[in-house]
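One structure is given below, encoded as structure tokens.
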Amino acid sequence: MTVNRFFVSAAIACALHFLAWANPPEELGVPLFTETAPASPNWIENATIYELNVRQFSESGTFTAVEQQLDRIQDLGIDVIWLMPIHPIGAINRKGPLGSYYSVADYRGINPEFGDERSFHSLVDAIHDRGMKVIIDWVANHTAWDHPWTKSNPDFYETDSQGSFVPPHGTDWTDVIQLDFQNKELWKIMKNEMLYWVSVYDIDGFRCDYAAGVPVDFWNDATMALREAKPDVYLLAEAESPELNVESFHSSYAWPMHHVFNSIARGEEPASKILDQLNRQTIYFPHDTHLLNFVTNHDENSWNGTTAERMGPAKRAFEVLMFTLPGVPLIYNGQEAGLSKRLEFFERDPIDWSDLSESAFYKSLTTLKETVPAMRSDAAFQRIPTTADEHIFAFRRTYGQSEVIVIANLTDRPVAFFSASNSLHGIFQSFDSESVVTLSNPASLQLDAWQFKIFTR
């Protein structure tokens with residue numbers, strides 16, 4: 001018995017040590033899978049979001065120039081346009097000649113670089129006239145050094161021991177200063193600033209920058225008021241903080257999945273790492289949280305590189321996964337033009353729209369997302385096992401009678417493999433060739449490097 005107790009104790013200790021190694025304490029939170037995220041507006045369930053950088057979108061960098069391209073954006077299959085910050089930019093401690101969009105000098109103002117109130121109203125109306133939605137960036141954690149509150153309400157800000165304003169803690173964001181959300185009067189004012197854009201401009205939601213830097217209780221209070229004003233308003237948090245999705249936000253960023261994509265593309269992780277991350281998301285996020293899937297955005301493009309730099313020939317495969325895995329897909333402006341450069345952040349650097357050859361591929365994915373119920377954000381997910389799970393990622397999505405099968409080779413070499421699953425039995429339509437395909441169980445398959453297959457029925 002002593003020996004048995006020793007081995008049992010050793011086994012438990014070993015298991016606990018492994019768990020501690022696999023899940024460092026700082027990464028652990030309270031699992032929230034028993035909670036349910038706020039009910040999402042119906043229009044987001046099969047939508048594709050398009051992030052639009054007004055400054056770099058055109059030669060003129062204006063709202064009017066964006067409006068002139070709305071038909072093309074709509075034809076791409078976009079349902080929601082997210083406008084990066086449109087507010088006036090601070091002049092004090094500005095970075096670069098034009099400054100960062102995220103240095104807000106007036107929450108109710110329009111950046112004159114982009115246009116005025118009339119041209120913004122025109123843009124929002126034109127988006128709505130085409131049946132699309134519009135959300136705007138909201139920067140609640142900090143303001144520019146020359147925001148009017150620094151004079152009228154200096155108590156809205158954190159200060160150092162000398163009483164001076166301070167940039168956000170642990171950052172190099174020297175062009176902005178930290179707000180103090182211990183001041184409940186700030187809550188009231190900030191909430192009213194957000195409501196202004198809903199009531200005056202009829203926007204459909206917010207992408208909230210650095211949402212984790214602001215207390216959850218503030219977001220709970222503010223989003224409740226926003227839903228009272230507009231019941232189908234949509235809230236997206238730039239965060240991976242599951243507690244934000246209990247009462248406040250419908251969606252958060254799938255940052256860890258994005259990093260998994262990059263790691264697999266570089267050959268550093270196996271394909272099975274995607275399932276690990278999906279399981280983590282299921283456990284730690286409230287049920288019905290719709291995470292934002294992406295291969296690039298303004299931060300990734302400007303600071304970490306283009307998709308070609310980070311993913312090389314793997315780019316296509318991960319763009320397919322971005323659309324077909326559970327969640328909401330994001331296209332960053334210029335992806336449909338094969339955006340091959342890092343856009344400057346603090347100065348003018350217009351996108352080159354001369355080659356739109358990538359548009360057809362994205363349109364095929366947006367069409368799949370919008371027309372096939374099994375591509376809804378809340379459609380069921382099931383992993384399909386193969387004999388090469390370290391290299392092949394295969395899964396099935398279902399919603400009612402609709403079904404989608406995705407099989408992707410996530411390596412830089414051809415892989416032959418078998419899969420025994422009832423999911424692979426029957427007649428399907430092939431996504432790439434639009435031909436009818438009969439699959440058997442067990443199935444014998446071979447995919448070239450980074451090749452993928454999508455079947456629907």
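The values are calculated or read from the model by the stated rules, or taken from the named source; none is laboratory data. Note that the structure is a prediction, hence the values are computed from the model and not measured. Counting neighbours? That spans all protein chains shown, and the Cβs are built from the backbone with ideal geometry, glycine included. For the accessible areas, the whole protein counts, side chains as well, though only heavy atoms, and no ligand, DNA or RNA atoms are used. Shrake-Rupley method; radii C 1.70, N 1.55, O 1.52, S 1.80 Å.
Tabulated results
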quantity	calculated
The stretch 409-425, residues that are open to solvent by 20 Å² or more (accessible area, probe 1.4 Å) and assigned to a strand (DSSP E or B)	416, 418
Checking residue 240 against (1) under 16 Å from the mean Cα position of the chain (by Cα); (2) acidic (Asp, Glu); (3) more than 30 Å from residue 222 (Cβ to Cβ); (4) not in a helix (DSSP H, G or I), the condition it does not meet	(3)
Which numbered condition residue 411 misses (of (1) without any contact (Cβ under 8 Å) to a residue 60 or more places away in the chain; (2) over 12 Å from residue 453 (Cβ atoms); (3) out of contact with any helix residue (DSSP H, G or I) (no Cβ under 7 Å at 6 or more places or on another chain); (4) of a type in the set (Ser, Thr, Tyr))	(1)
Any hit, the stretch 394-408, residues being assigned to a loop (DSSP other than H, G, I, E, B) and surrounded by 14 or more Cβ atoms within 10 Å (Cβ to Cβ)	no
Residue ID - nearest to residue 280 (Cα to Cα), chosen from residues in the stretch 248-261 that are assigned to a helix (DSSP H, G or I) and open to solvent by less than 10 Å² (accessible area, probe 1.4 Å)	257
Close pairs from the stretch 120-137: first under 8 Å from residue 81 (Cβ atoms), partner among the aromatic types (Phe, Trp, Tyr), Cβ under 9 Å, at least 6 apart	132/50; 133/43; 133/234; 134/82; 134/201; 135/82; 135/206; 135/234
Every residue from the stretch 294-326 that is small (Gly, Ala, Ser) and surrounded by fewer than 23 Cβ atoms within 10 Å (Cβ to Cβ)	302, 305, 308, 312
Some residue of the stretch 16-35 being open to solvent by less than 90 Å² (accessible area, probe 1.4 Å), acidic (Asp, Glu), within 15 Å of residue 127 (Cα to Cα) and modelled with pLDDT of 70 or more	no
Any hit, the stretch 286-294, residues being in contact with a His (Cβ under 7 Å, 6 or more places away or on another chain) and under 24 Å from residue 54 (Cα atoms)	yes
Within the stretch 131-216, strands (runs of 3 or more DSSP E) holding 3 or more residues that are closer than 18 Å to residue 238 by Cα	133-139, 205-209
Where residue 4 falls short, out of the listed (1) modelled with pLDDT under 80; (2) open to solvent by less than 20 Å² (accessible area, probe 1.4 Å)	(2)
Close pairs (7 angstrom Cβ cut-off, 6 or more residues apart or separate chains): closer than 22 Å to residue 306 by Cβ in the stretch 265-277, charged (D, E, K, R) and part of a helix (DSSP H, G or I) anywhere	265/310
The stretch 298-327, residues that are more than 28 Å from residue 413 (Cα to Cα) and not in a helix (DSSP H, G or I)	327
Residue within the stretch 407-426 that is in contact with a Phe, Trp or Tyr (Cβ under 6 Å, 6 or more places away or on another chain) and either modelled with pLDDT under 95 or of a type in the set (Val, Ile, Thr) (or both) present	no
Subset of the stretch 349-373 [closer than 21 Å to residue 62 by Cβ and either loosely packed, with under 15 Cβ neighbours inside 10 Å or without any contact (Cβ under 8 Å) to a residue 12 or more places away in the chain (or both)]	352, 354, 356
Those residues of the stretch 53-77 which are touching a residue at least 60 places away in the same chain (Cβ under 8 Å) and within 24 Å of residue 376 (Cβ to Cβ), in sequence order	75, 76, 77
Residues (over 22 Å from residue 214 (Cβ atoms) and surrounded by fewer than 23 Cβ atoms within 10 Å (Cβ to Cβ)) located in the stretch 100-119	110, 112, 113, 116, 117, 118, 119
Pairs with Cβ under 8 Å, 6+ apart, first in the stretch 186-211 and within 18 Å of residue 142 (Cα to Cα) and without any contact (Cβ under 8 Å) to a residue 60 or more places away in the chain, second surrounded by fewer than 21 Cβ atoms within 10 Å (Cβ to Cβ) and not hydrophobic (A, V, I, L, M, F, W, C)	186/153; 186/180; 187/221; 189/153; 191/221
Residue match in the stretch 344-357 (condition: farther than 27 Å from residue 288 by Cα and in contact with an Asp or Glu (Cβ under 8 Å, 6 or more places away or on another chain))	yes
Residue count, the stretch 426-455 (criterion: on the phi < 0 side of the Ramachandran plot and open to solvent by 30 Å² or more (accessible area, probe 1.4 Å))	20
Residue satisfying condition, being assigned to a helix (DSSP H, G or I), open to solvent by 10 Å² or more (accessible area, probe 1.4 Å) and touching a helix residue (DSSP H, G or I) at 6+ places or on another chain (Cβ under 8 Å), within set 280, 227	280
